[in-house]
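Everything on this sheet refers to the single structure shown next.
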Amino acid sequence: MDDGSALAFRRLQSHDQDDQDGVIIIDDSFQSTKRSKSDGGPDDGESPVIVSLVEAAMQMFAAAIDALPDTSDPEFSGRAAVILSGLRKLQTALTKAASRGRATPSVIVSLSGVRTRYDDLMATAAESPGATLGQQLYVVRRRSKLSAQETANGVGLTADLLDAIEAEEIPTDDEAARIKELLAALGG
C-alpha cells in the first residue's frame, strides 16, 4: 500500500473502532496531491482502499448468504436479518463515499453490487414464512417503482418512518394497519 492508501486505511480503521453503530466513517479531510501514473490526473486517494474493504466484506456476506438455511427453516429469518443489517451499514458507508466529489467509478460499481445483493436477499426474505412487515414493504415498494417519500405520502406517514420500518423498526398497530392496506392495494 502506498503512503496515501495506508493513511486512509488507518483513518477508516480508527473511525470504525470508535463507531458504536459499526458504520464506517469516510474522512473527508484526506486530500491526495499525488498524480496517477496512467493519466496524469489526481490519485484515487481512498477509493482503492474503500473498494478493497467492500470486496472483503462482500465475500463474507456472500458466504453467509450461501450458508442460509431454506426459507422454511425457522432460523432463516433471524440469520437473514443479521446479514441485511450488515449490508445496510455497508450501503450507508458507500452511499456517503459515492456522494463525495472524488467518488470513482469503482466506488459506484461497489455500491451497485451491495444494493443488488441487498435487494436480492430482501426479496427472498419477503417471500419467507417469517417475513417482517418491513421486508414486505421494501420489496413491494421497490417492485412498484415508488420512493419512500411517495409511499409515505400514500399512507400518511413519514419517509423516515418507512425507512426505519424497512430496517426492522417495529411499527405501531396503526402504522402497521396503514402499511398493510397499501401493500394490499399494490398487490403485495
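In bins 5 Å wide, starting from 0, what share of all Cα pairs of region 87-188 does each bin hold, as a percent?
Pairs per bin, as whole percents: 2, 12, 21, 23, 17, 13, 7, 4, 1.
Can you tell me, using C-alpha contacts under 8 Å and at least 6 residues apart, the relative contact order of region 46-131 as a whole percent? Walk me through the numbers before you get to the answer.
Numbers: 61 pairs, mean separation 34.1, N = 86.
Relative contact order here is 40 percent.
Place a point 7 Å from Cα of LYS96 in the direction of its Cβ. Which residues in region 43-82 have their backbone N less than 19 Å from it?
Within reach of a label on LYS96, which here means backbone N under 19 Å from a point 7 Å along Cα→Cβ, region 43-82 contributes 45-58.
So for region 46-131, Kirkwood radius off the Cα pairs, Stokes-Einstein at 4 °C and 1.567 mPa s: how many µm² s⁻¹? It would help to have the intermediate numbers written out before the result.
On the way: Rh = 13.5 Å.
The estimated diffusion coefficient comes to 96 µm²/s.
Using all Cα-Cα distances in region 132-188, what percent lands in each 10 angstrom bin from 0 up to the longest?
27, 68, 5
None of the figures in this text is laboratory data; all of them are computed from the coordinates on show. What you see is a predicted model; the values in this text were computed from it and never measured. Positions of Cβ are backbone-derived with ideal geometry, glycine not excepted, and every protein chain shown enters the neighbour counts.
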